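The values are calculated or read from the model by the stated rules, or taken from the named source; none is laboratory data. Bear in mind the structure is a predicted one, so any value in this text is a computation, not a measurement. With ideal geometry, Cβ positions are generated from the backbone for all residues, glycine too; neighbour counts draw on all protein chains shown.
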Amino acid sequence: MTQKNGKMQQHTVVALVYDRPGVLNRVVSMVRRRAFNIGSLAVGHSETPGLSRMTFVVEGDDKILEQVTKQLRKLVDVVRVSDLKGVNAVYRELSLVRVSANATTRSEIIQIVDIFRANIVDVGHDSLIIEVTGDEEKLESLVTLLNPFGVLEIMRSGRLAMVRGIQGDSGANGNPSDAEGTLTDGTQWARQDGDEAKATPLLPPG
Amino acid sequence: MKLNGGQMICQALLNEGVDTVFGIPGGAIMPLYQMLPQFPGLRHILVRHEQGAAMAADGYGRVTGKVGVCFATSGPGATNLVTGLAGAMMDSVPMVAITGQVAREAIGTDAFQEADVTGVTLPVIKHNFLVMTAEELPRVMKEAFYLARTGRPGPVLVDVPKDVFVEEAEFDYPETVELPGYPPKMEGDPDAIRRAADLIAQAKRPVIFAGHGIIIADAYKELQEFAEKGQFPVTTTLLGIGSFKSDHVLNIGLPGMHGSAYANHMINDSDLLIALGMRFDDRVTSKVSLFAPNAKVIHVDIDPAELGKNVPPTVPIVGDVKHVLRQLIPLVEKADRREWLSHIDELQRNHPLWFEKDDVLRPQDVIQEISDSTDGKAIIATGVGQHQMWAAQLYKFKEYNSFITSGGLGAMGFETPSAMGAQVGLPDRTVWTIAGDGGFQMTLMELATMVENHIPVKIALINNNSLGMVRQWQDIFYNHDYVATLYSGNPDFVKLAEAYGLRGIKVTRKDEIGPAIKQAMEWNGPVLVDFQVEQTENVYPFIPPGTGVDNIVEDPRLVQKRVK
């Protein structure tokens, strides 16, 4: 999914990594060191014992996306990287929202929750916790509707992504690009497209 | 066979073909050191600072192509390695560092001499391991060496808690590694190779950029065959010096910020760059949008992340440059490039690499004399700054892979320890350090190591009593405002050398250069020659950062001569 979000494009990248101490540190350190912007990062066990899967939301243009995937692949503990650009995939995020609720507002909130097919997972004297799953747009719409009641706390899992079993016309090649497929042709930005590389005047002499 | 962790590491080093280790012991790594006498096949060279250990291992790795190895203890020992490791990473040098760590149960308690060494080094090296059981050591050592020397080489650190060195386990050294996330790709994609050959066939003004990858891949013969067959002029990047013979008619020398004006003009006029094992560093390109504006780019590198990182390639090829050249050579037609080559000849006549030759003792005179006296056959190790650029411009290398310099990181102080490592690796070669007085004072304690271990490095100290390159930038960008660049209290370097047990020679006049170099070469041991050179000399030509070849600054004295 590549969506325009203001000026910044967003891309989803999924990495299969070894489940070892320090792997998250290696990945995050690389991202920070190379000044990439990550919108969200979700990590969890995969179907294979010893391997975890990470879903990144990367902000930036195609050149940035390409560098992120290539630099991820360079990490020894990263087994495989898939860039979901042009791929038909399911995107989900889970959010917990604590919202103010009293006897008069509770029923109205419950109605909104039902419309969003969300769940109320905790009821207190003056607040509710709502669990909602969906894409970012759905999560954000729910919060917008809940705001007038007083949103007290939000927890979001970050985006998870999985490629769909059947690729429709939105799937460009039917397969997420992976480490084997795009080593040579992964370079997508063409020469003379006016991209300006990092400026040099502030570099030290020597 | 049961061994303790320390014995396992020593045995693994021998299995990997290591014969030399540079290092300094300390509390946490002592159990490893105390095993060394049981392994006489390992020569340990006791340095005076851990940075020297890393840089010596670097010099050793560069000239031998083998993995350089260094040891350091936990905490300060390991943190002192960091500059050396970062430099080896930037310049793709195979290295394995073994560091002691505090005992397992003390990790995370801010114990004495504890530092998070895997954390500290993580962003500046290829990979690292914290080994929590002796059982893992054989696999980790195998993987460490495999990672260090394959693909794009680089430094790998193995951090071992003190009690793991003494823990016993079965030693069964693996034959192979299982690293599914690490697939170095050797052959170029055949389709990309064909597209590259098509671009070459259409090109009228092609240029080869030969980088360190040629040296690492041992692709000297392939490069020469490729260049000769296609009649491509070859420009060698700073780390590509020594990938192609200096005296070859197609060698156009150094490009970039302090490259010759003719090489830079040639690149600017080119219609096809064939970049082989290089990474378009900002010192090569200056402002990217002004760099070779009319050229298509074939970029070959074993590291996919380099393709498209700085300069967008027309045809990117991932692979080992030796393999790729072998694939490419049969597809290249013999070409007649007289017109293009004569244009380059003209550029060379109009924009020569020039320096003032008068009675003043100038740094360039020293380097030229060393080049002549050694017949271009020495190994030259440099620090970083003016002397480094003059060495790169003026030394006429007749042997492959003989220029050892801190390119990417630009670490001053690299000259002395790296020369020492290179001399240990290749004891039959003549090794000269071309040092600046600034960088030399950052690692000069290794003079003791040289004397102690009979390492006969010859040191040419290009002594201008200043941090010359920064002073030069003050001349150009800060109106000669010499903030913190001039030394007023430098030591007597000859006395200093003698105090360490070296021979020391002082040179203050131009006519003393030749005899001093001759004496140094005849002396059977390390020598320091203190060349007290003209302080105001600047490195030309110069492309100011953020600009392009149109802004190239040639030596004002040359420009004046031209006007006359």
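Within region B:70-77, is even one residue part of a loop (DSSP other than H, G, I, E, B) and at negative phi?
Going through region B:70-77, the residues part of a loop (DSSP other than H, G, I, E, B) turn out to be B:73-75.
After this cut, where a residue has to be at negative phi as well, the list is B:73-74.
Checked against the condition, which is being part of a loop (DSSP other than H, G, I, E, B) and at negative phi, region B:70-77 yields at least one hit.
Name the one entry in A:184, A:133 that is in contact with a strand residue (DSSP E or B) (Cβ under 7 Å, 6 or more places away or on another chain), surrounded by 12 or more Cβ atoms within 10 Å (Cβ to Cβ), polar (S, T, N, Q) and modelled with pLDDT under 50. It would help to see each step written out before you state the result.
On the way: A:133 fails: modelled with pLDDT under 50.
Checking each option against the conditions leaves just A:184.
Condition first: in contact with a Leu (Cβ under 7 Å, 6 or more places away or on another chain) and assigned to a strand (DSSP E or B). Can you find one or more residues in region B:389-407 that meet it?
Step one: of region B:389-407, the residues in contact with a Leu (Cβ under 7 Å, 6 or more places away or on another chain) are B:392-393, B:405, B:407.
Checking the rest, the ones that are also assigned to a strand (DSSP E or B) come to none.
Looking for residues that are in contact with a Leu (Cβ under 7 Å, 6 or more places away or on another chain) and assigned to a strand (DSSP E or B), one finds none in region B:389-407, hence no.
Results for (1) touching an Asp or Glu at 6+ places or on another chain (Cβ under 9 Å); (2) more than 23 Å from residue B:362 (Cα to Cα); (3) aromatic (Phe, Trp, Tyr), shown as yes or no for each residue.
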site	(1), (2), (3)
B:464	yes, no, no
B:469	no, no, no
B:489	no, no, no
B:493	yes, no, yes
B:525	no, yes, no
B:530	yes, no, no
B:535	no, no, no
B:541	yes, no, no
> Can you tell me which residue in region A:31-41 is nearest to the other protein chains (Cβ to nearest Cβ), limited to those that are over 17 Å from residue A:9 (Cβ atoms) and either surrounded by fewer than 13 Cβ atoms within 10 Å (Cβ to Cβ) or more than 17 Å from the chain's Cα centre (by Cα) (or both)?
Replying inline: A:33
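How many residues are in contact (Cβ under 8 Å) with a residue 12 or more places away in the chain and more than 10 Å from chain A (Cβ to nearest Cβ) if we restrict to region B:177-189? So that I can check it myself, show each step before the final result.
Residues of region B:177-189 in contact (Cβ under 8 Å) with a residue 12 or more places away in the chain: B:177, B:179, B:182, B:184-189.
Imposing the further condition that a residue be more than 10 Å from chain A (Cβ to nearest Cβ) reduces the set to B:177, B:184, B:186-187.
Total meeting the criteria: 4.
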>> If I go through region B:275-299 residue by residue, how many of them are of a type outside the set (Lys, Arg), within 11 Å of another protein chain (Cβ to nearest Cβ) and assigned to a strand (DSSP E or B)?
In response: 3
> Out of B:23, B:6, B:52, which single residue is closer than 28 Å to residue B:105 by Cβ and in contact with a Pro (Cβ under 7 Å, 6 or more places away or on another chain)?
Replying inline: B:6
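For the condition within 17 Å of residue B:520 (Cα to Cα), in contact (Cβ under 8 Å) with a residue 60 or more places away in the chain and of a type in the set (Ser, Thr, Tyr), what is the one hit in B:406, B:402, B:418, B:373? Walk me through it before giving the result.
On the way: B:406 fails: within 17 Å of residue B:520 (Cα to Cα); B:402 fails: within 17 Å of residue B:520 (Cα to Cα); B:418 fails: within 17 Å of residue B:520 (Cα to Cα).
On inspection, the qualifying residue turns out to be B:373.
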> Name the residues in region B:118-160 that are within 12 Å of chain A (Cβ to nearest Cβ) and among the small types (Gly, Ala, Ser), would you?
Replying inline: B:119, B:144, B:148, B:151, B:154
>> Here's a check for you: in region B:466-484, which residue that is more than 10 Å from chain A (Cβ to nearest Cβ) and of a type in the set (D, E, K, R) is nearest to the chain's Cα centre (by Cα)?
In response: B:475
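Among the listed residues A:104, A:133, A:144, which satisfies the condition of being among the β-branched types (Val, Ile, Thr), out of contact with any helix residue (DSSP H, G or I) (no Cβ under 6 Å at 6 or more places or on another chain) and part of a helix (DSSP H, G or I)?
Numbers: A:104 fails: part of a helix (DSSP H, G or I); A:133 fails: part of a helix (DSSP H, G or I).
None of the others qualify; the one that does is A:144.
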> Within region B:515-564, can you find the residues that are basic (Lys, Arg) and touching a strand residue (DSSP E or B) at 6+ places or on another chain (Cβ under 9 Å)?
Replying inline: none
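One residue is enough: does region B:34-49 have a residue meeting the conditions part of a helix (DSSP H, G or I) and either crowded, with 24+ Cβ neighbours inside 10 Å or of a type in the set (Gly, Ala, Ser) (or both)?
Quick first cut of region B:34-49, residues part of a helix (DSSP H, G or I) only: B:36-38.
Right, trim to either crowded, with 24+ Cβ neighbours inside 10 Å or of a type in the set (Gly, Ala, Ser) (or both) and you get none.
No, region B:34-49 contains no residue that is part of a helix (DSSP H, G or I) and either crowded, with 24+ Cβ neighbours inside 10 Å or of a type in the set (Gly, Ala, Ser) (or both).
Would you tally the residues in region B:300-338 being assigned to a loop (DSSP other than H, G, I, E, B) and either of a type in the set (S, T, N, Q) or at the interface with another protein chain (Cβ under 8 Å from one of its Cβ atoms) (or both)? Full working, then the answer.
The initial filter retains those residues of region B:300-338 that are assigned to a loop (DSSP other than H, G, I, E, B), namely B:302-303, B:307-314, B:319-320, B:332-337.
Pick out the ones that are also either of a type in the set (S, T, N, Q) or at the interface with another protein chain (Cβ under 8 Å from one of its Cβ atoms) (or both) and you get B:303, B:307-314.
Adding up the residues that qualify gives 9.
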> Which members of region B:379-400 meet the condition of being polar (S, T, N, Q) and under 24 Å from residue B:81 (Cβ atoms)?
Replying inline: B:382, B:388
> Does region B:227-238 contain any residue that is part of a helix (DSSP H, G or I), surrounded by 24 or more Cβ atoms within 10 Å (Cβ to Cβ), touching a residue at least 40 places away in the same chain (Cβ under 8 Å) and not assigned by TED's automatic domain parsing to the domain that holds residue B:91?
Replying inline: yes
> Within region B:345-356, can one find any residue that is crowded, with 21+ Cβ neighbours inside 10 Å and either aliphatic (A, V, I, L, M) or in contact with a strand residue (DSSP E or B) (Cβ under 6 Å, 6 or more places away or on another chain) (or both)?
Replying inline: no
> For the subset of region A:52-95 comprising residues that are without any contact (Cβ under 8 Å) to a residue 60 or more places away in the chain and part of a strand (DSSP E or B), which member is farthest from the other protein chains (Cβ to nearest Cβ)?
Replying inline: A:59
>> Whether any residue in region B:247-254 is in contact (Cβ under 8 Å) with a residue 40 or more places away in the chain, within 14 Å of chain A (Cβ to nearest Cβ) and either closer than 22 Å to residue A:63 by Cβ or buried (at least 23 other Cβ atoms within 10 Å of the Cβ) (or both) is what I want to check.
In response: no
> For region B:84-99, does any single residue satisfy the condition of being crowded, with 17+ Cβ neighbours inside 10 Å, within 14 Å of chain A (Cβ to nearest Cβ) and of a type outside the set (A, V, I, L, M)?
Replying inline: yes
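Select, from A:48, A:2, A:55, the only residue that is closer than 24 Å to residue A:156 by Cβ, of a type in the set (Val, Ile, Thr), out of contact with any Asp or Glu (no Cβ under 6 Å at 6 or more places or on another chain) and modelled with pLDDT under 95.
Criteria check complete, one pass: A:2.
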> Is it true that residue A:98 is charged (D, E, K, R) and either within 14 Å of chain B (Cβ to nearest Cβ) or assigned to a loop (DSSP other than H, G, I, E, B) (or both)?
Replying inline: no
>> Going by what's in this entry, would residue B:335 be described as assigned by TED's automatic domain parsing to the domain that holds residue B:212, more than 30 Å from residue B:563 (Cα to Cα), buried (at least 22 other Cβ atoms within 10 Å of the Cβ) and in contact (Cβ under 8 Å) with a residue 12 or more places away in the chain?
In response: no
>> I'd like the full set of residues that are more than 19 Å from residue B:380 (Cβ to Cβ) and either at pLDDT below 95 or within 27 Å of the chain's Cα centre (by Cα) (or both), limited to region B:505-524.
In response: B:524
> Is it true that residue B:13 is part of a helix (DSSP H, G or I), under 30 Å from the mean Cα position of the chain (by Cα) and over 30 Å from residue B:440 (Cα atoms)?
Replying inline: yes
